[in-house]
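Novice: Quick one: this structure, given as structure tokens, is what I'll be asking you about.
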Amino acid sequence: MPRYAYTAKVEPQKVIQGFMEAASEQDVVEKLSGMGYFPVSIQPEDSYLYRKRFLSFRKISNRDIVLLSRDLTSLIESGVNILNSLHIVSTQTPNKYLKTVLSDMIDKIKDGKSLSESLNTHPELFSPLYISMIHSGEVGGNLDQTFKRLADYVEKEEELKNSVRAALTYPAFVFSIGTLTVIVLLTFVIPRLVTMFEDMGQALPLPTRILVGLSGLLSSYGWLILTLALLAIFTFKRISRKPQAKATLDKIKLKLSVWGPIVLKSQIGRLVRTLSLLLASGTPVVYALDTATTTLDNQVLKAELQKFKERIREGESFSRCLTDSKIFPVFVTNIVTVGEESGNLEQALLRIADDYEREVDRSLKVMTRLLEPVIILAMGLIVGFIVLSMLLPIFQINLIVR
């Protein structure tokens with residue numbers, strides 16, 4: 001039977017919200033009226049939750065998910081059942097959007113659904129990895145340890161993202177300020193100086209004529225250039241979402257001399273950390289690979305892992321698949337082989353993740369240190385060309401006067 005979300009008035013100044021199973025919206029109206037309530041709005045549960053998620057998922061950060069996981073770890077370790085744990089966290093969280101999600105999860109668990117099933121109704125907040133881990137924790141009876149591992153994993157992922165953002169913030173800021181300065185000079189400053197030169201009737205040097213042409217082009221067709229640029233970006237994004245185009249772009253990314261190794265190590269680090277987490281919770285390798293693949297962005301790696309799953313189902317080892325692959329480095333293959341032989345694969349994978357994440361962080365810092373002076377030099381040359389081009393006519397006038 002379908003469920004409906006309702007809002008109803010109990011008293012003139014008191015409004016309640018909730019969910020109700022009914023055959024139709026009219027049936028909900030009749031039930032609410034029979035309870036002495038005045039229905040205000042009724043809508044199917046799916047559309048209600050979609051609207052709530054659309055308005056709120058941006059307001060719930062990974063940090064909130066980490067805190068939620070740690071709070072549930074402490075409560076479950078203390079012997080509190082999952083329903084009461086969710087209720088306690090819901091009453092204590094200051095985030096009203098997270099409170100809405102938790103209330104919905106509590107209602108679903110009361111209706112007989114498992115925790116993993118209730119999490120699955122909020123895929124924009126809880127990844128397939130998170131849901132799969134919770135399902136394994138429910139089956140294995142170790143939800144407290146599962147939440148702890150998930151909190152550590154999400155926190156580690158957030159730290160890596162923050163390090164990337166921090167590394168790219170300053171170069172992006174310098175580039176933006178430099179670009180804005182050039183646009184202001186070409187659009188507002190140079191046209192006024194050009195009018196002064198034209199009034200003098202002086203022939204302009206070649207650099208100045210080039211600059212005047214660029215300024216005139218930007219002043220007359222700036223809106224058209226901006227529109228075409230935005231249209232090109234929009235078209236590129238639409239095309240790049242298609243599977244074939246995305247696979248081609250991902251292949252190009254991996255082949256880039258500087259950026260390629262960073263992308264590869266970042267993706268492998270995320271993959272092996274996810275696999276380590278899943279294997280430690282008792283998930284079979286094939287299912288762990290299936291879930292871990294969903295955390296990757298690169299289509300080339302995803303296709304390679306798809307081949308791995310088929311070969312592992314046929315009885316081959318994970319290390320053998322890595323050995324035959326042309327994508328994964330020898331370092332990864334050797335560590336995984338040792339981990340399989342020693343029966344401690346999850347720890348071997350964790351070591352690879354730690355090593356690669358450190359290398360990615362170090363490479364990004366080196367790249368941004370090199371990028372900063374390059375951007376500053378490029379912007380300096382552009383501004384220098386503009387200033388020199390505007391000074392050349394003045395120098396010519398001085399020479400003529402002398």
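Here, each number is a calculation from the coordinates, and none is a lab measurement. Values in this document were obtained by computation on a predicted structure and should not be read as measured data. Virtual Cβ from ideal backbone geometry, glycine too; neighbours counted across all protein chains shown.
Novice: Compute the distance from the alpha-carbon center of the range 63-142 to that of the range 263-297, in whole Å.
Specialist: 22 Å
Novice: Right, another one. Considering only GLY112, LEU254, VAL360, whose Cα is most displaced toward the positive end of the charge dipole of the chain, charges sitting on Cβ of Lys, Arg (+1) and Asp, Glu (-1)?
Specialist: The one lying farthest along the dipole's positive direction is LEU254.
Novice: Report the convex hull volume per residue for the range 113-197, counting only C-alpha atoms, in Å³.
Specialist: 102 Å³
Novice: Rounding to the nearest 10 and keeping the result within 0 to 90°, find how far the Cα-based axis of helix 206-240 lies from the longest principal axis of the chain.
Specialist: Once rounded, the angle reads 20 degrees.
Novice: Now for a separate question. Report the percentage of all Cα-Cα pairs in the range 201-328 whose separation exceeds 21 Å, rounded to a whole percent.
Specialist: That fraction is 59 percent.
Novice: If I fit a long axis through the Cα atoms of helix 96-110 and take the longest principal axis of the Cα atoms of the chain, what angle between them do I get, 0 to 90°, rounded to 10?
Specialist: 30 degrees
Novice: Given Cβ point charges of +1 (Lys, Arg) and -1 (Asp, Glu) and nothing else, what value in debye, to the nearest 20, does the dipole of the chain about its Cα centre take?
Specialist: So the dipole magnitude of the chain works out to roughly 1280 debye.
Novice: Angle check, please: helix 62-77 long axis (alpha carbons) against the longest principal axis of the chain (alpha carbons), in degrees 0 to 90, nearest 10.
Specialist: The two axes meet at around 20 degrees.
Novice: Residue by residue, what Karplus-based ³J(HN,Hα) values in Hz, rounded to whole numbers, does the range 172-178 have, using 6.51, -1.76 and 1.60 with θ = phi - 60° and x for Gly and Pro?
Specialist: Each residue's phi maps through the Karplus curve to give 5, 5, 4, 4, 5, 5, x Hz.
Novice: Taking amide H positions as placed 1.01 Å from N in the peptide plane, with prolines and chain starts having none, which residues 5 or more places from GLN43, or on another chain, fall under 5 Å of its amide H?
Specialist: ALA5
Novice: DSSP loop (so not H, G, I, E, B), at most 11 other Cβ within 10 Å: list which trypsin sites (Lys or Arg not before Pro) in the range 290-371 pass both filters. Mind showing how you got there, number by number?
Specialist: On the way: sites: LYS302, LYS307, LYS309, ARG311, ARG313, ARG320, LYS326, ARG351, ARG358, ARG362, LYS365, ARG369; in loops: LYS326.
Qualifying residues, ordered by number: LYS326.
Novice: Next question. Just need the relative contact order of the chain here, percent rounded to a whole number, with Cα pairs under 8 Å and 6+ apart.
Specialist: Across the chain, relative contact order equals 14 percent.
Novice: Follow-up. Going down the list LYS242/LYS265; LYS148/LYS251; LYS113/LYS246; LYS113/LYS237, which pairs span over 31 Å between their C-alpha atoms?
Specialist: LYS148/LYS251; LYS113/LYS246; LYS113/LYS237
Novice: Provide the FRET efficiency to the nearest 0.05 for the GLN347-ARG311 pair, computing r from the beta carbons and using R0 = 30 Å.
Specialist: Details: r = 24 Å, r/R0 = 0.78.
Computed FRET efficiency for GLN347 and ARG311: 0.80.
Novice: Summing -39500 (n - 2.57) over the DSSP H runs of n ≥ 4 in the chain and dividing by its residue number, what mean residue ellipticity at 222 nm do you reach, to the nearest 500 deg cm²/dmol?
Specialist: The helix contribution divided over the chain gives -26000 deg cm²/dmol.
Novice: Something else: List, in order, the whole-Hz ³J(HN,Hα) value for each residue of the range 373-390 obtained from phi through the Karplus relation with A = 6.51, B = -1.76, C = 1.60 and θ = phi - 60°; use x for Gly and Pro.
Specialist: x, 5, 5, 4, 5, 4, 5, x, 5, 5, 5, x, 4, 5, 5, 5, 5, 7
Novice: Sticking with this structure for a sec: Hey, what's the per residue convex hull volume over the C-alpha atoms of the range 60-126, in cubic angstrom? Spell out each step's value before the answer.
Specialist: On the way: hull volume 5.1 nm³, N = 67.
Here the figure is 77 Å³ per residue.
Novice: How large is ³J(HN,Hα), in whole Hz, for each residue of the range 34-42 in order, when computed from phi with the Karplus curve 6.51 cos²θ - 1.76 cosθ + 1.60 and θ = phi - 60°, using x for Gly and Pro?
Specialist: Per-residue couplings from phi come out as x, 8, x, 9, 9, x, 9, 8, 9 Hz.
Novice: Find the percent of Cα-Cα distances in the chain that exceed 40 Å, and round it to a whole number.
Specialist: Roughly 42 percent, rounded to a whole number.
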